[in-house]
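To start, the structure itself, in structure tokens.
Just so it is clear, none of the values below were taken in a lab; they were calculated from the coordinates. None of these values were measured; they are calculated from a predicted model. Because the Cβ atoms are built from the backbone with ideal geometry, glycine has one as well, and the counts that use them run over all protein chains shown.
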């Protein structure tokens, strides 16, 4: 026979679960806060499912926080399963939350397919997450996969990849050096800028990109300068 405290807890859990589906974003925000303030394994599935469809950034952020408040043994398997979703937001949010949890047990789920995902936002999140979760000794392999994405996308995507490669330190050097000789000028520009950023992070990405453009333009002139960076 259940006691009054158990009944009250069950009622609160049901109310929180219902509130996560409310039409009002402020109600959903408060529900996510409640789910993280008093963690309950019964919240995990609903929090993950809501993350996949939640339109408001600040609510998604609270959903992630709420999931980090639960035991990784409950959250990580559910989030890893979400990485196979057809919905880009589901994959991206699951990756983001895994990066915040920081449990390296999730590393095998960070696949090449995610690191090269057709959706730029998912790929960017996968890069950040991979850098957080990569086990010692796996950095060169990760750098090799990330290097296949050099030159991809617009400014924010380029910047995200550069940050990930810089975070890998010496493990990324061979892949970057190879990319500075790529036939595609956009790949060369990005690789040269990333190398410069790794040497001087305070210089800023925009400055590094502009300098890389100048170097590649000189390289591509007839009889132009081919030694783009100090050896």
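Just to be sure, is residue 97 touching a residue at least 40 places away in the same chain (Cβ under 8 Å), within 27 Å of residue 58 (Cα to Cα), within 13 Å of the chain's Cα centre (by Cα) and surrounded by 19 or more Cβ atoms within 10 Å (Cβ to Cβ)?
Yes.
The conditions are (1) surrounded by fewer than 17 Cβ atoms within 10 Å (Cβ to Cβ); (2) under 22 Å from residue 91 (Cβ atoms), and residue 146 fails exactly one of them. Which is it?
Evaluating residue 146 over (1) surrounded by fewer than 17 Cβ atoms within 10 Å (Cβ to Cβ); (2) under 22 Å from residue 91 (Cβ atoms) leaves (1) as the failure.
Looking at the range 189-203, which of its residues are within 21 Å of the chain's Cα centre (by Cα) and exposed (fewer than 13 other Cβ atoms within 10 Å of the Cβ)?
Within the range 189-203, just 201 meets the criteria.
I'm trying to understand the selection: among the residues of the range 100-126, which are closer than 23 Å to residue 55 by Cα and either under 12 Å from the mean Cα position of the chain (by Cα) or outside any helix (DSSP H, G or I) (or both)?
Residues satisfying the conditions are 100, 114, 117, 118, 119, 120, 121, 122, 123, 124, 125, 126.
Looking at the range 20-29, which of its residues are outside any loop (DSSP other than H, G, I, E, B) and either surrounded by fewer than 18 Cβ atoms within 10 Å (Cβ to Cβ) or out of contact with any helix residue (DSSP H, G or I) (no Cβ under 8 Å at 6 or more places or on another chain) (or both)?
Result: 25, 26, 27.
Quick check on the range 108-119: of everything there that is touching a helix residue (DSSP H, G or I) at 6+ places or on another chain (Cβ under 6 Å) and surrounded by fewer than 17 Cβ atoms within 10 Å (Cβ to Cβ), which residue is nearest to residue 65 (Cα to Cα)?
119
Can you name the number of the only condition in (1) surrounded by fewer than 21 Cβ atoms within 10 Å (Cβ to Cβ); (2) touching a residue at least 12 places away in the same chain (Cβ under 8 Å); (3) not in a helix (DSSP H, G or I) that residue 137 fails?
Status for residue 137: all satisfied but (2).
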